[in-house]
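Note sheet for the following structure.
The values are calculated or read from the model by the stated rules, or taken from the named source; none is laboratory data. This one's a predicted model, so the numbers in the text were calculated from it and none came from an experiment. All Cβ positions, even for glycine, are placed from backbone atoms using ideal geometry, and neighbour counts span all protein chains on display. Heavy atoms of the whole protein, side chains included, go into the accessibility calculation; ligands, DNA and RNA do not. Shrake-Rupley method; radii C 1.70, N 1.55, O 1.52, S 1.80 Å.
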Amino acid sequence: RHGEAGASAPPLSMPQPGASPRLPAAFEPLGLRLELLTPTSSPAPAAPSEGQVISVSFTGRVGDKDGPIFDSSERAGGPLAVRLGRGKLIAGWDAALTHVRFGDSVRLTVPPSLGYGRKGKPPLVAPNATLCFDITLHEPAAQTAAEAATDAL
């Protein structure tokens, strides 16, 4: 995964499945969309912050929710631990995932400008492709000693 670090803002409240939570206004004209599929059952839901290690299960498709799968955490052997806001993820993930509560399942539509852009991710993602991710944000992941050492560099 690659991209630029996204914007950071207070977490959004997403109480109803199918809701269209509002991302920062700067992302609306770009086509970044976030839809709640299944809300968390946590009595006190929280959202991650920039720089935090999170654990996600995801399926990434080219185009829309019915498009071909190009990546998934299942193919990688299980949930993926990632750090938000460090430029290691596509910009659409960094921008949107700080607005998702732990335990929520969401659908994230990422325009090319916040995905893999003009280069794509050959051979699976063509240049200028829109991406659609179904993502479940698990409870916070613990930072490993190796991650801490990497961050210190």
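A few remarks follow.
- The Kirkwood hydrodynamic radius of the range 26-144, based on inverse pair distances between different Cα atoms, is 14.5 Å.
- Proximal lysines to LYS88, defined as alpha-carbon separation beneath 21 angstrom and excluding residues fewer than eight positions away on the same chain: LYS119, LYS121
- Sulfur and carbon atoms: percent of accessible area, the range 26-144 [1.4 Å]: 53
- Magnitude of the charge dipole, the range 26-144, Cβ model with Lys/Arg +1 and Asp/Glu -1, debye to 20: 380
- The label-point distance for ARG118 and ASP64, in a model that sets each label 7 Å from Cα toward Cβ, rounds to 2.8 nm.
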